[in-house]
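Trainee: Can you keep this structure in mind? I'll have questions shortly.
The values are calculated or read from the model by the stated rules, or taken from the named source; none is laboratory data. Quantities reported herein were computed from a predicted structural model and do not represent experimental measurements. So basically every Cβ, Gly included, is an ideal-geometry build from the backbone, and we count neighbours across all protein chains shown. What goes into the accessible areas is simple: the full protein's heavy atoms, side chains included, and nothing from ligands, DNA or RNA. Shrake-Rupley method; radii C 1.70, N 1.55, O 1.52, S 1.80 Å.
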Amino acid sequence: MKRNAALCLAISCLLLLTSCGKEASNTYHAYITPAAYGITAAPADDAAEGFFSSGLCVTDESDLHTEAVDSQVAAAAGVFNCDNGAVTYKQNIFGQVYPASTTKILTALVAIRYGDLDKTVTVSENAVNLPSESSVANLKAGDSLTIRQLLYGLLLVSGNDAAIAIAEGVSGDVDTFVAQMNSEAASLGATHSNFVNPHGLPDPNHYTTVYDMYLIMNAAVKNTDFVDIVHSASYDAYYLDAAGNQVTKTWGNSNQYLTGFRRMPDGIEVIGGKSGTTGAAGYCLVLLSRNAAGQNIISLVYGADARTNLYLLMGEILSAYGGT
């Protein structure tokens, strides 16, 4: 049965009243509520001007062009043209996937929208109490950094310690911040996702879809702070430790297109993005790029079976379908 994304976005009363089968206490007006969230302009005489899906790529669940690339190496993928609304590659874009550290796109979005980026945060013991295999920015309890600095540690080296520090710095505690993440996702129309932490470490109740992550990334890249950070090849962080001594760290971008380890796809300039990897999620990558026509492209690959194949498929779909 077709699932029309426009219906999921526009007739949001169905989404929030049913919440995928769960009754909600508040009704949702498809024209007024998006304006209240700040997603769209307030409706004029013609209610369609406030329509939720205005300016978004909308499509159905059918796959597109998967036979022309090495789609078998990944669970899901998509290419979305932000300027003309075209969805030019589709592979299981509404299927549930684990986001791994691409979760941090939403973490950054919430921090930028609702936090004070110049606020100084003291890193807690909780922020550094992570599994040994975690990706970290090598923060120590008692370190003092601004939220802006923590965002570089979050998005460049994928620091799970930075994610916790940001959550505590913005909302006071992780649970409150995660609730804000889910509220933000729902307000963007990403209603087939659920987040239980700000970093993306595995949890069966922590999931998303390619289409939902497109919606989240699309909102994030409208903010210059986010784009500036993910576009940075590296960042020098200067901050104080618990004893008041200066600490200097250089965080390099893990995006292999920006490091030069991978050649950019033909006709495409990769601006930046976020990768993620866990055993459950496989290899994942979300990118903002610009094609030869100057159009902004969001591309996503989830559940790749190897890092090499992650970049293989991403390169194929951007080269072939990112230019239109």
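Trainee: How many of the residues making up the range 237-253 are on the phi < 0 side of the Ramachandran plot and out of contact with any Lys or Arg (no Cβ under 9 Å at 6 or more places or on another chain)?
Mentor: 10
Trainee: So VAL136 fits all but one of (1) more than 28 Å from ALA76 (Cα to Cα); (2) surrounded by fewer than 24 Cβ atoms within 10 Å (Cβ to Cβ); (3) of a type in the set (A, V, I, L, M); what number is the exception?
Mentor: Unmet condition: (1).
Trainee: For the range 269-302, give me each residue that is more than 15 Å from the chain's Cα centre (by Cα) and either assigned to a loop (DSSP other than H, G, I, E, B) or farther than 15 Å from VAL221 by Cβ (or both).
Mentor: If the condition is that a residue be more than 15 Å from the chain's Cα centre (by Cα) and either assigned to a loop (DSSP other than H, G, I, E, B) or farther than 15 Å from VAL221 by Cβ (or both), then THR278, GLY279, ALA280, GLY282, ALA292, ALA293, GLY294, GLN295 are the ones that fit.
Trainee: Which of the residues spanning the range 160-197 are polar (S, T, N, Q), assigned to a helix (DSSP H, G or I), farther than 20 Å from LEU150 by Cα and touching a residue at least 60 places away in the same chain (Cβ under 8 Å)?
Mentor: SER187
Trainee: Also: Does VAL247 satisfy the condition of being in a helix (DSSP H, G or I) and touching a residue at least 24 places away in the same chain (Cβ under 8 Å)?
Mentor: Here the answer is no, as VAL247 does not meet what is asked.
Trainee: Looking at this structure, is THR59 closer than 18 Å to MET217 by Cβ and either of a type in the set (S, T, N, Q) or crowded, with 24+ Cβ neighbours inside 10 Å (or both)?
Mentor: Considered against the rule, which asks whether it is closer than 18 Å to MET217 by Cβ and either of a type in the set (S, T, N, Q) or crowded, with 24+ Cβ neighbours inside 10 Å (or both), THR59 comes out as yes.
Trainee: Next up: Give me the helices (runs of 4 or more DSSP H) completely within the range 29-136, filtered to those with at least 2 residues that are at pLDDT 95 or above, ordered by residue number.
Mentor: By residue number, 103-114, 125-128.
Trainee: From the residues in the range 272-292 that are in contact with a Lys or Arg (Cβ under 9 Å, 6 or more places away or on another chain) and open to solvent by 10 Å² or more (accessible area, probe 1.4 Å), which one is nearest to SER135 (Cα to Cα)?
Mentor: Ranking the candidates gives THR277 first.
Trainee: As an exercise: evaluate TYR238 against (1) open to solvent by 50 Å² or more (accessible area, probe 1.4 Å); (2) touching a strand residue (DSSP E or B) at 6+ places or on another chain (Cβ under 9 Å); (3) part of a loop (DSSP other than H, G, I, E, B) and give the number of the one condition it does not meet.
Mentor: Single failed check for TYR238: (3).
Trainee: Here's a follow-up. Looking at ALA86, ALA141 in this structure, which one is more than 21 Å from LEU287 (Cβ to Cβ) and of a type in the set (A, V, I, L, M)?
Mentor: ALA141
Trainee: Moving on. When only residues in the range 87-123 that are surrounded by 17 or more Cβ atoms within 10 Å (Cβ to Cβ) and among the hydroxyl-bearing types (Ser, Thr, Tyr) count, which is nearest to THR277 (Cα to Cα)?
Mentor: SER101
Trainee: Here is a further query. ASP266 is checked against (1) more than 17 Å from VAL157 (Cβ to Cβ); (2) open to solvent by 10 Å² or more (accessible area, probe 1.4 Å); (3) part of a strand (DSSP E or B) and fails just one. What number does that condition carry?
Mentor: With (1) more than 17 Å from VAL157 (Cβ to Cβ); (2) open to solvent by 10 Å² or more (accessible area, probe 1.4 Å); (3) part of a strand (DSSP E or B) applied to ASP266, the lone miss is (3).
Trainee: Going by what's in this entry, would ASP212 be described as without any contact (Cβ under 8 Å) to a residue 24 or more places away in the chain and of a type in the set (D, E, K, R)? If you could, list the steps in order and put the result at the bottom.
Mentor: Working: without any contact (Cβ under 8 Å) to a residue 24 or more places away in the chain: no; of a type in the set (D, E, K, R): yes.
Spelling it out, it is not the case that ASP212 is without any contact (Cβ under 8 Å) to a residue 24 or more places away in the chain and of a type in the set (D, E, K, R).
Trainee: Quick one: which of ASN255, ASN309 is at pLDDT 95 or above, open to solvent by less than 30 Å² (accessible area, probe 1.4 Å) and outside any strand (DSSP E or B)?
Mentor: ASN255 is the lone residue from the list that is at pLDDT 95 or above, open to solvent by less than 30 Å² (accessible area, probe 1.4 Å) and outside any strand (DSSP E or B).
Trainee: Condition first: open to solvent by less than 10 Å² (accessible area, probe 1.4 Å) and among the polar types (S, T, N, Q). Now tell me which residues in the range 181-217 satisfy that.
Mentor: Correct list: SER187, THR208, THR209.
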